[in-house]
Amino acid sequence: MTDPVIVTRPGAGTSVIPLVFDSPHSGLDYPADMKPSLEMNILRRSEDTFVDKLFKGVDKLGAVMVEATFPRCYIDPNRTTEDIETTALADAWSGPVKPSIKTNRGTGLVWTKIHGVHPIYDRKLTAAEVQGRIDDYWMPYHDALTAEIERLYSDFGGIWHINCHSMPQRGDETTEDGPVDRADFVLGDRDGTTCAVEFTETVRDFLAGRGYDVAVNWPMKGVELVRKHGRPDENRHSLQIEINRRLYMDEIALAKNDRYDDTSAVIADMSAAIAAFVGENSAV
Ligand SMILES: [Zn+2]
């Protein structure tokens, strides 16, 4: 089995800052025991394709990158382990169950549908299968991200976390916003609760300054990872960034489009601006 998570830290000689990026949804290693019945080109629309590549190189800025190698439809690190769709299981779930708005769309902890309409399996999953995915994939991902965040927090007394995602260019009938075109970028701080407002504004102002249309907390405001790690009153700042896929890829062909290189350069500049902000705010 491939390692479920890759951690890239700054190299020797690079000055470290308390900044962690994580890409939970860009993994491509579909485990052999998944056995989906849905065709791969539809299944793969659930991925945040290329997001790991768009943020590649943040270690050179003194930051850490944590990325999942497994696909989010197998098990989603951005959900709680209680977000269980019990009706999709062949047997009883013995742990606590707390479904979210995503659960009934088939996009809870273990996804069962794509876009709410394409079933991923022609069978019910067993509780043991789901538990195995938690133990072997979800937990190692959370442990790795938490370890990096806590190590830097204890060294600096503050931590800044960017949770990296991409979104389909349009919503659909199963999403909060419905079938409409989306902004170029959506920033999510769970309505101002997961980071200082200055952090969100720094990123928004950078992107708006480059001419992008930037929305905040709509139609996505951040889910489990920013909720878990963002506690601004403890100087822990966590912000979700959603990049509109039209800025870099063809969503049907799952291939880079002719805007990829420009967008990649903007993401590199944005990451440098974030690193400069963290450097100024974390001097020890
Ligand atoms: Zn995502």
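Every number in this text was worked out from the coordinates using simple rules, so none of it is lab data. It should be emphasised that the depicted structure is a prediction, and the values quoted were computed from it without experimental measurement. Positions of Cβ are backbone-derived with ideal geometry, glycine not excepted, and every protein chain shown enters the neighbour counts.
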Taking only Cα atoms, what is the 0 to 90° angle, nearest 10, from helix 139-156's long axis to the longest principal axis of the chain?
-> 20
Could you check what % of the DSSP bridge pairs in the chain are antiparallel, to the nearest 5?
-> 40
Per the Cα gyration tensor, the chain corresponds to an equivalent ellipsoid with semi-axes, largest first in Å, of 30, 22, 18
Here segment 212-221 yields Karplus 3J(HN,Hα) values (6.51, -1.76, 1.60; θ = phi - 60°; whole Hz; Gly and Pro given as x) of 8, 8, 10, 9, 10, 6, 8, x, 10, 10
Taking every Cα atom in segment 62-158, find the radius of gyration and the maximum pairwise distance Dmax, and write them in Å.
-> 15.4, 50
Alpha-carbon centroids, segment 36-84 and segment 96-147: separation in whole Å | 13
For segment 102-205, what does the equivalent ellipsoid look like in terms of its semi-axes, each the square root of 5 times an eigenvalue of the Cα gyration tensor, given largest first in whole Å?
-> 30, 25, 9
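Arrange the peptides 158-167, 45-54 so that the one whose residues have, on average, the most other Cβ atoms within 10 Å appears first.
158-167, 45-54
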Could you state the per residue volume, in Å³, of the convex hull enclosing the Cα atoms of segment 147-284?
-> 114
P(r) tail for segment 175-231, what percent of Cα pairs lie past 13 Å?
-> 60
Normalised contact order of segment 1-144, rounded percent, pairs of Cα under 8 Å and 6 or more residues apart = 29
Once both axes come from the Cα atoms, what is the angle between helix 260-281 and the longest principal axis of the chain, in degrees from 0 to 90, rounded to 10?
-> 60
For the chain, what's the relative contact order in percent, using C-alpha pairs closer than 8 Å and at least 6 residues apart?
-> 21
Using a basic spin-label model with each label point 7 Å from the Cα along Cα→Cβ, how many nm lie between Leu254 and Val180?
-> 3.1
